[in-house]
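Trainee: Structure in structure tokens, see below.
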Amino acid sequence: MRVKRYVVDSMPDALQKIRTDLGKDAVILNTKEIRTGGFLGLFGKKKIEVIAAIDGANTNSGGATQRFTPQPQQQKVMSQAQPSRAQSHLSDFPEVPDVIAPVSAPKEPVTVSAGVETQQSFASQQSYSPVSVNAPNRVNLKDEHLMEELKQMKEMMRKLTHASEVSNLPEPLQKIEQRLFDQEVDPTLVRQIMDEAVADFQLADEPVTDKSALQVVRSKLGQVLQSNRSKQISPQTRVVHFVGPTGVGKTTTIAKLAAEQVLKYQHKVGFITSDTYRIAAIEQLKTYGTILNVPLEVVFSPQDLAKAFHNLEECDVIFMDTAGRNFRNEMYVSELNSLLKTQGNSETILVLSLTTKYRDMRAITNNFNKFKLDKVLFTKMDETDSYGAIVNVVHEFSLQLSYVTNGQSVPDDITEMNEWQIIDLLLEEPRA
């Protein structure tokens, strides 16, 4: 039997050398990563050490031989493997028998000739299965399979954990919990509400029914959403800033609220816009201003604000429309903050669309919340049937609810946010 050790950069290099030196009937006994060179074990280059062997009867290439004395038990294994050798040549990928059985390790080292380093017995290493040299390199494939199995196990454990949590709840609360999950309410908040509901029922020593479960959870959601502060624009407020990302409907919302101030409260309203980036943005607000008889001032930089406020000094309330810029760009958000520095009482309202994923809503709110935010206004309620984001924003950022829009008509499709209406929508039975 011939045994050779190769130190190569990759498995394909090793396979080519083994086929050249030992022939196609050779087997790979062991592979492992090693480092060569470097200083004190550092900065070494990563290599692969491959140990290959071929039975002496199958040797078809030149080279020095080695001395190998099998143990009695190994001789027995080799003698039992002899009948299968004749069949191994019937295929291009012969099945080479185990020439070294994974049993108790022999004490004597194996001496390898032709300048190859002396190796300790391979049986002292981890168990192995000889692989045909002609087989493809399966190292990366095995890693991928391992990672996939780990992912599947992780997902299974998550489902089992969730199932065990759900099973601890009474059935009426399980149904409500699932509805809140379907409405994309934050799972942490949902579990907190469920825990509090269970504690309330245990304290009252009452059975959990569908009706009582709805009442308790409805009350818990009301505590999250309700506030003593007014949703309307305060009478003492002179400047109202509207901020938010692109495409949420800030300009149309401003027109709706301006119409309410003019028609319902007979206030004199003024418009300021800094949205000079979007095509026809100024023309859109100018059209609304003409219909409502509201003056408009355009500012191109923070330096223009003083002149704009001076021209609108006779107005009772001023609505300022800001450009919808990339909220992830700190420079744009900081630029916006310089436009919000006004004299006198002011409010800043964050405008969000209910069609936006909550993950993006959270990032948007977190960036704008670095500055002064007073209220949050939701648009496009008519374009979705998922309302959990309203609860999430209020709970996570402690913002005051204000208005909600449910259409494009000016000034009709805007109302004050009704918390109990939202809660009923969250808890209603799913539609078929």
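The values are calculated or read from the model by the stated rules, or taken from the named source; none is laboratory data. Not measured: the values here are computed from a predicted model. Counting neighbours? That spans all protein chains shown, and the Cβs are built from the backbone with ideal geometry, glycine included. Accessible surface areas use protein heavy atoms only, side chains included; no ligands, DNA or RNA. Shrake-Rupley method; radii C 1.70, N 1.55, O 1.52, S 1.80 Å.
Trainee: Would you please name the residue that is farthest from the chain's Cα centre (by Cα), looking only at residues in the stretch 358-380 that are farther than 17 Å from V394 by Cβ and in a loop (DSSP other than H, G, I, E, B)?
Mentor: K372
Trainee: Could you please let me know if D412 is of a type in the set (D, E) and either touching a helix residue (DSSP H, G or I) at 6+ places or on another chain (Cβ under 8 Å) or modelled with pLDDT under 90 (or both)?
Mentor: Judged against the criteria, D412 is a match.
Trainee: May I ask you to list the residues in the stretch 291-304 that are over 24 Å from I364 (Cβ atoms) and of a type in the set (A, V, I, L, M)?
Mentor: Residues satisfying the conditions are I291, L292, V294, L296, V298.
Trainee: Looking at K268, K256, can you tell me which residue is at pLDDT 90 or above, open to solvent by 50 Å² or more (accessible area, probe 1.4 Å) and farther than 17 Å from K372 by Cβ?
Mentor: When all the criteria are applied, what remains is K268.
Trainee: Here is a further query. Under 9 Å between Cβ atoms, which residue pairs at least 6 apart in sequence (or on different chains) link something in the stretch 211-239 that is more than 13 Å from K375 (Cβ to Cβ) and of a type in the set (D, E, K, R) with a partner that is in a loop (DSSP other than H, G, I, E, B) and at pLDDT below 90?
Mentor: Within 9 Å, the pairs are R238/T342; R238/Q343; R238/G344; R238/N345.
Trainee: Okay, next question. Out of the residues in the stretch 299-316 that are exposed (fewer than 14 other Cβ atoms within 10 Å of the Cβ) and among the charged types (D, E, K, R), state the one that is farthest from Q266 (Cα to Cα).
Mentor: Across the stretch 299-316, the extreme among qualifying residues is K307.
Trainee: Out of the residues in the stretch 381-432 that are among the hydrophobic types (A, V, I, L, M, F, W, C), outside any helix (DSSP H, G or I) and closer than 29 Å to Y265 by Cα, which is most open to solvent (accessible area, probe 1.4 Å)?
Mentor: For the stretch 381-432, the residue satisfying everything is V410.
Trainee: Further, regarding this structure: Take the residues of the stretch 277-298 that are open to solvent by less than 50 Å² (accessible area, probe 1.4 Å) and under 39 Å from the mean Cα position of the chain (by Cα): which is modelled with the highest pLDDT?
Mentor: For the stretch 277-298, the residue satisfying everything is L285.
Trainee: Just for the stretch 30-63: of the residues that are among the basic types (K, R) and modelled with pLDDT of 85 or more, which one is surrounded by the most Cβ atoms within 10 Å (Cβ to Cβ)?
Mentor: Per the stated criteria, the residue is K47.
Trainee: Looking only at the stretch 343-368, count how many residues are without any contact (Cβ under 8 Å) to a residue 40 or more places away in the chain and in contact with a Leu (Cβ under 8 Å, 6 or more places away or on another chain).
Mentor: The total comes to 2.
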